Amino acid sequence: MNIESLKSECTAYDFKLKLEEKRPKSWLKSVSAFANGSGGSLFFGIDDDGTLQGLENIQHVCEAISNKIRDYTA
């Protein structure tokens, strides 16, 4: 998938600049919407205009995402 082809948000994907660990519902709503609809992709480290900003600790972010999804959907 080419990030340049995803210039703006839509119902198939959502951009989040960072993982908001203290406000997980801010991004878990997107996870829930994608799971209950036709699917979709949630991209972290990208601002709302599609500019790639990156993430500092990718391993931590991946683990935190998995843990929050497990905690809120179990």
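Just for the stretch 50-74: of the residues that are among the small types (Gly, Ala, Ser) and open to solvent by 60 Å² or more (accessible area, probe 1.4 Å), which one is modelled with the lowest pLDDT?
Out of the qualifying residues, it is 74.
For the stretch 34-49, what are the residues that are exposed (fewer than 15 other Cβ atoms within 10 Å of the Cβ) and outside any strand (DSSP E or B)?
35, 36, 37, 38, 39, 47, 48, 49 - these are the residues of the stretch 34-49 that are exposed (fewer than 15 other Cβ atoms within 10 Å of the Cβ) and outside any strand (DSSP E or B).
Restricting to the stretch 11-21, name every residue that is part of a strand (DSSP E or B), open to solvent by 40 Å² or more (accessible area, probe 1.4 Å) and at pLDDT below 90.
None; the set is empty.
Please work out which one of (1) farther than 20 Å from residue 11 by Cβ; (2) open to solvent by 50 Å² or more (accessible area, probe 1.4 Å) is the condition residue 24 fails and give its number.
(2)
The values are calculated or read from the model by the stated rules, or taken from the named source; none is laboratory data. Because the structure is a prediction, the values reported are computed rather than measured. Note: ideal-geometry Cβ built from the backbone for every residue, glycine included; neighbour counts use all protein chains shown. What goes into the accessible areas is simple: the full protein's heavy atoms, side chains included, and nothing from ligands, DNA or RNA. Shrake-Rupley method; radii C 1.70, N 1.55, O 1.52, S 1.80 Å.
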